[in-house]
Amino acid sequence: MTEETKPKTEETQQPEETQTEEATKLLIDNPSDFKFHAAYIAYSETWDKITASNTRIELNGILTSLSKDEMSYSSFYRTLDDYRRHGSRHFEYSRDKIETQRKRDWRQKQNKQERNSRYRGRH
């Protein structure tokens, strides 16, 4: 019976080893190709933030498909962005709209507030 259990444990250990081998960071950077180098930097930063091995395997697949020209750069960044959002541990503050104002309008508003504060201060 011990002989039967040994192959089972060896079989269960082998897939774990292959998963850790697959979950290593790919080193296929090409500094001479600017677009691919920028994509590799984005991949590397995302890789460092994420700790789940399944997600890392998926990131490897995305980068290899990009290196083989099976995926466009826009779809690569779109897919990578999904992993960046789920991998971050902090909440991002996003503004809906930034209100701008002309300098002249701002000065008129400030003058009006100063006049009102002077008037209210007398009584």
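The values are calculated or read from the model by the stated rules, or taken from the named source; none is laboratory data. Quick caveat: nothing in here was measured; it's all calculated off a predicted structure. For neighbour counting, all protein chains shown are included, and Cβ atoms are generated from backbone atoms with ideal geometry for every residue, glycine included.
Find the residue count for the stretch 37-84, including only residues that are surrounded by 15 or more Cβ atoms within 10 Å (Cβ to Cβ) and not in a helix (DSSP H, G or I).
Qualifying residue count, the stretch 37-84: 2.
In the stretch 98-123, what count of residues is obtained for those that are at pLDDT 75 or above and part of a loop (DSSP other than H, G, I, E, B)? Step through it out loud before you land on a result.
Applying the first criterion (at pLDDT 75 or above) to the stretch 98-123 yields 98-120.
Next, from what is left, pick out any that are part of a loop (DSSP other than H, G, I, E, B): 98-102.
Within the stretch 98-123, residues that are at pLDDT 75 or above and part of a loop (DSSP other than H, G, I, E, B) number 5.
Taking the residues in the stretch 48-84 that are of a type in the set (Asp, Glu) and under 12 Å from the mean Cα position of the chain (by Cα) as candidates, determine which candidate is nearest to residue 34 (Cα to Cα).
Taking the stretch 48-84 and keeping what is of a type in the set (Asp, Glu), we get 48, 58, 69-70, 81-82.
Still in the running and under 12 Å from the mean Cα position of the chain (by Cα): 48, 81-82.
Working: 48: 21, 81: 19, 82: 23 Å.
For the stretch 48-84, the residue satisfying everything is 81.
Of all residues being among the basic types (Lys, Arg) and in a loop (DSSP other than H, G, I, E, B) in the stretch 85-95, which is modelled with the highest pLDDT? Just the residue, please.
Per the stated criteria, the residue is 95.
Within the stretch 23-36, how many residues are in contact with a Ser or Thr (Cβ under 8 Å, 6 or more places away or on another chain) and in a helix (DSSP H, G or I)?
The number of residues fulfilling the criteria is 1.
Filter the stretch 40-68 down to the residues that are under 10 Å from residue 28 (Cβ atoms) and touching a helix residue (DSSP H, G or I) at 6+ places or on another chain (Cβ under 6 Å) and list them by number.
Passing the criteria: 43, 63, 66.
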